[in-house]
Amino acid sequence: QVQLVESGGGLVQPGGSLRLSCAYSGTIFSIYAMGWYRQAPGKQRELVARITNSGITNYAESVKGRFTISRDNGKNTVYLQMNSLKPEDTAVYYCNAGASGMNYWGKGTLVTVSS
């Protein structure tokens, strides 16, 4: 079992920045990849960014060059640095961990980009 707790969401103006954090615990030795997903109202959940144990990252086209995913194994935390935020980035952001063939999810943190 892997437990995930997100934090760092909030209200930000267009062009602003936020950093999301995801603290993970449990059977963390089994985790092979972690990611951030988001779900906007009325839309399907979509992948935002992902990082593997070897440090390979991939991003949704819509966030490339603006968002950066990173992982601090010493703190058991994954981050999502979000810059140049746009209103269309408004969504609930979920942390995800792939471990032992299963997907684990946090409860999500709301990001609202609005003036």
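The values are calculated or read from the model by the stated rules, or taken from the named source; none is laboratory data. Worth saying up front: this structure is predicted, and the values here are computed from it rather than measured. Using ideal geometry, Cβ is built from the backbone for each residue, glycine included, and neighbour counts are taken over all protein chains shown. Each accessible area value is taken on the protein alone, full model and side chains, heavy atoms only, with ligands, DNA and RNA left out. Shrake-Rupley method; radii C 1.70, N 1.55, O 1.52, S 1.80 Å.
Considering the conditions (1) more than 12 Å from V2 (Cβ to Cβ); (2) open to solvent by 70 Å² or more (accessible area, probe 1.4 Å); (3) of a type in the set (S, T, N, Q), S62 is excluded by exactly one of them, (2).
Between S114, S100, the distinction of being farther than 12 Å from A33 by Cα and surrounded by fewer than 20 Cβ atoms within 10 Å (Cβ to Cβ) belongs to S114 only.
Would you confirm whether or not segment 64-78 contains a residue that is touching a residue at least 40 places away in the same chain (Cβ under 8 Å) and in contact with a Cys (Cβ under 6 Å, 6 or more places away or on another chain)? Yes, segment 64-78 has at least one match.
Selection of segment 76-89 for residues being surrounded by fewer than 18 Cβ atoms within 10 Å (Cβ to Cβ), assigned to a loop (DSSP other than H, G, I, E, B) and modelled with pLDDT of 95 or more yields N83, S84, K86. I'd like the full set of residues that are under 15 Å from I69 (Cα atoms), part of a loop (DSSP other than H, G, I, E, B) and over 11 Å from the mean Cα position of the chain (by Cα), limited to segment 8-26. Result: S17, single match. Applying the criterion of being part of a loop (DSSP other than H, G, I, E, B) and not small (G, A, S) to the residues of segment 65-75, the residue that is surrounded by the most Cβ atoms within 10 Å (Cβ to Cβ) is R66. Of the listed requirements (1) within 13 Å of the chain's Cα centre (by Cα); (2) more than 15 Å from V111 (Cα to Cα), F67 misses just one: (2).
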